[in-house]
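What follows is one structure encoded as structure tokens, with my remarks underneath.
Bear in mind these aren't lab numbers, they're just calculated from the coordinates by the rules spelled out. What you are looking at is a predicted structure, and each value in this text was computed from that prediction instead of being measured. No Cβ is skipped: glycine too gets one built from the backbone with ideal geometry, and neighbour counts run over all protein chains shown.
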Amino acid sequence: KADTAMYQAKESGRGSLYFYNDEMRNSVAERLAMEKALHYALERDEFYLVYQPQVDGNGNILGFEALLRWHSKELGQVPPSRFIPIAEETGFIAELGQWVLDTACQQLKKWQEAGLPPLFKALAINISPSQFAKDSFVETIEQVIERTCIDPSLLDLEITEGMLVESISSVAAKMRSLKKQQVHFSIDDFGTGYSSLRYLQHLPLDQLKIDQSFVRDISHDPNSHVIINTIVSMARHMNLSVLAEGVEYVEEKNILTGIGCTRFQGYYFSRPVDVQSATNLLANASCLPLELVPQEAEAV
Ligand code: C2E
Ligand code: MG
Ligand code: MG
Ligand code: MG
């Protein structure tokens, strides 16, 4: 897109020259640098996963969400919010998503063998819309399950409303094939998409993850309170679990608990941590809230 804009600015002469400024040159250059660096990042082993606990109201660990990190030799630490959209646009996400699946499932297998705490239900893995859209998606997941010998019921695939570019019936068909193997599905960032809620009726979902933008406002914005209340009661009627994302403060946790939310993820309980710290957390089976324990900060 940026390339086209620059091209047009040059073509249409003087009047448009102000488009062609330093800021844009930087962003185009930066984008190209990132594309190039991404291209080599897998073979250079620059990606790694961190794991953020998902807990109940007492801090018992119910699962982890695997979150991708990239430490680029040229660019330093690049957050997923910056490189994932580019990986999506360039198609690199297919390979990268495969790496995430393999790495997360291999780790899950190790944890499974070491013995998981009794309440541990799932390792959540983010699936991008274009990964889900592939005809081979179901097969890809089946193969990783087979290769790594994990218990498939421990897999929680996080999809977003963005996967609804396909027809609901084909999305549902893919999900049903995997549900036969007990794989779980969550809708990530629930409430932020532009789609109608109709899909909820037709998809075999297990959980809604309330987006952190609602949680962030809950203690001072009555509207957020109402929205979360509505999501929780809707989920209850539809037999879906609800997990609140981005819980940073005890007040938020208390309000959410009052509304009936029983699963949480957020800095209040734990930041995403490296694999060794995650393994240690599993041994304790719980995450004491921030006030009670010094946090192990995410290794950068
Ligand atoms: P997400 O799946 O909604 O993940 C939750 C994000 O919220 C993570 O950001 C996490 O670090 C952050 N977070 C957790 N608790 C808190 C909190 O209390 N406060 C605040 N402010 N933030 C919190 P992260 O790791 O930067 O990831 C951003 C997004 O990048 C993810 O959002 C997800 O959409 C995407 N992503 C990350 N890893 C992967 C991956 O392996 N594959 C794909 N396709 N997308 C990924
Ligand atoms: Mg997620
Ligand atoms: Mg989310
Ligand atoms: Mg998000």
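Odds and ends about this structure:
- Qualifying trypsin sites (Lys or Arg not before Pro) in segment 53-153, DSSP loop, other Cβ atoms within 10 Å at most 10: K73
- Residues I210, I145, I127 arranged by fewest to most Cβ contacts within 10 Å: I145, I127, I210
- Where GluC sites (Glu not before Pro) in DSSP loops with at most 12 other Cβ within 10 Å are excluded, longest remaining stretch of the chain: 75-300
- Label separation (H220 vs S196): 3.7 nm, computed from points 7 Å beyond Cα along the C-beta direction.
- Annotation: the antiparallel percentage among DSSP beta bridges lying fully within the chain is about 40.
- Cross-linked pairs K134/K209; K109/K179; K36/K110: Cα-Cα separations exceed 30 Å for K36/K110.
- Ellipticity estimate at 222 nm from DSSP helix runs (n ≥ 4, -39,500 (n - 2.57)) divided over the chain, nearest 500: -14000 deg cm²/dmol
- A simple spin-label model places the labels of S169 and E43 4.4 nm from each other, with each point 7 Å out along Cα-to-Cβ.
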